[in-house]
Amino acid sequence: MKLRKVTAAAATALVLALTATACGGDDGDSDETGSGSGGGDKIKIGIKFDQPGLGLKEPDGSFSGFDVDVATYVAKELGYDADQIEWVETKSADRENALARGDVKFIAATYSINDERAAKVDFAGPYLLAHQDLLVKADSDITEATDLNDKNLCSVTGSTSAQNVKNDFAPEANLKQNSGYSECMSALQSGAVDALTTDDSILAGFAAQEQYKGQFKLAGLKLSNENYGIGVKKGDTETVNKINDALEKMVADKAWDKAVTDNFGPANYKNEPAPEIGNIVK
């Protein structure tokens, strides 16, 4: 009888020890994909905070946009509920550094795949094929990039989009640069500029905002190909593969189509079909 009591106590202690180890082994490090099913684990994901329709921090502190929807779906497939996500603002110039430092597990932030970036980070996806385009007023007669000769074209300071138009299509365009796209939208609305240029997904996100609905249209040009990928720390092949599996599932169950409609639909965005996941096109 005594032996049975000791054995039971030992078994109980062993179970408690194993439970403590299982819980204590995860220190909440956001670099762990884990199961995310308990223990208050968090995952840090990099997005933009200032791009309507893609990655936007709302006045109430919530987040919206296509990149947010994609990242939330991926996180769930990695084992994390929405309330376990910590959104981290990652500006374009700091995306590679944020991954290298381990500030975030992955980045979904209009991150176009190219050779220079692929040398520094690994990419899952692509999950959206965007194109450089023009946003103009709804009644504008601008239908081609060449129509911008002698007209005012806006983009953000440091962007290559407007310079591409000026170099390749409309050398006589008057280039106006602002610190952000919101300033360009205000200039377009007031008539100070005739067109705004950047990726069509970004333009559609701005045009879909409530205060702009019906005022603008996309010209529907394909001045470049921009394959958006999800950035992952260089060498983390396991996470890349898991994210690709999640993206394939998102496309298959039509959640991808719903995210496109929800975020870009009001701008009548003519999106490309979902790209082939895992086929990294630079």
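Residues in the range 90-108 that are at pLDDT 95 or above and either among the basic types (Lys, Arg) or not in a helix (DSSP H, G or I) (or both) were compared, and the one that is most open to solvent (accessible area, probe 1.4 Å) is ARG101. For the range 165-185, filtered to residues that are of a type in the set (S, T, N, Q) and open to solvent by 60 Å² or more (accessible area, probe 1.4 Å), the residue that is modelled with the highest pLDDT is ASN174. Within the set VAL251, VAL281, the sole residue that is among the aliphatic types (A, V, I, L, M), assigned to a loop (DSSP other than H, G, I, E, B) and open to solvent by 40 Å² or more (accessible area, probe 1.4 Å) turns out to be VAL281. Considering SER201, SER224, the condition of being hydroxyl-bearing (Ser, Thr, Tyr) and part of a helix (DSSP H, G or I) is satisfied by SER201 alone.
Under 6 Å by Cβ, and 6 or more places apart or on different chains, what pairs join a residue from the range 74-97 that is farther than 14 Å from ILE230 by Cβ with one that is in a helix (DSSP H, G or I) and open to solvent by 70 Å² or more (accessible area, probe 1.4 Å)? Close Cβ pairs satisfying both conditions: none exist. Being in contact with a strand residue (DSSP E or B) (Cβ under 8 Å, 6 or more places away or on another chain) and more than 20 Å from LYS254 (Cα to Cα) is a description that applies to ARG117. Evaluated against (1) touching a Ser or Thr at 6+ places or on another chain (Cβ under 8 Å); (2) open to solvent by 40 Å² or more (accessible area, probe 1.4 Å); (3) under 18 Å from VAL240 (Cβ atoms), GLU58 falls short on exactly one condition, (3). Of all the listed residues (GLU238, GLU226), the sole one being closer than 21 Å to ARG95 by Cβ, in contact with an Asp or Glu (Cβ under 7 Å, 6 or more places away or on another chain) and either in the same structural domain as ASP199 (by TED's automatic domain parsing) or open to solvent by 40 Å² or more (accessible area, probe 1.4 Å) (or both) is GLU226.
Looking across the range 248-257 at every residue that is touching a residue at least 60 places away in the same chain (Cβ under 8 Å) and more than 13 Å from LEU128 (Cα to Cα), the one that is farthest from the chain's Cα centre (by Cα) is identified as LYS249. The single residue among ILE243, ILE230 that is touching a Gly at 6+ places or on another chain (Cβ under 7 Å) and among the β-branched types (Val, Ile, Thr) turns out to be ILE230.
The values are calculated or read from the model by the stated rules, or taken from the named source; none is laboratory data. Note that this is a predicted model, so its numbers are computed, not measured. Cβ atoms come from the backbone with ideal geometry, glycine included; neighbour counts cover every protein chain shown. Ligands, DNA and RNA are stripped out before the accessible areas are found, and what is left, the full protein with its side chains, is counted by its heavy atoms. Shrake-Rupley method; radii C 1.70, N 1.55, O 1.52, S 1.80 Å.
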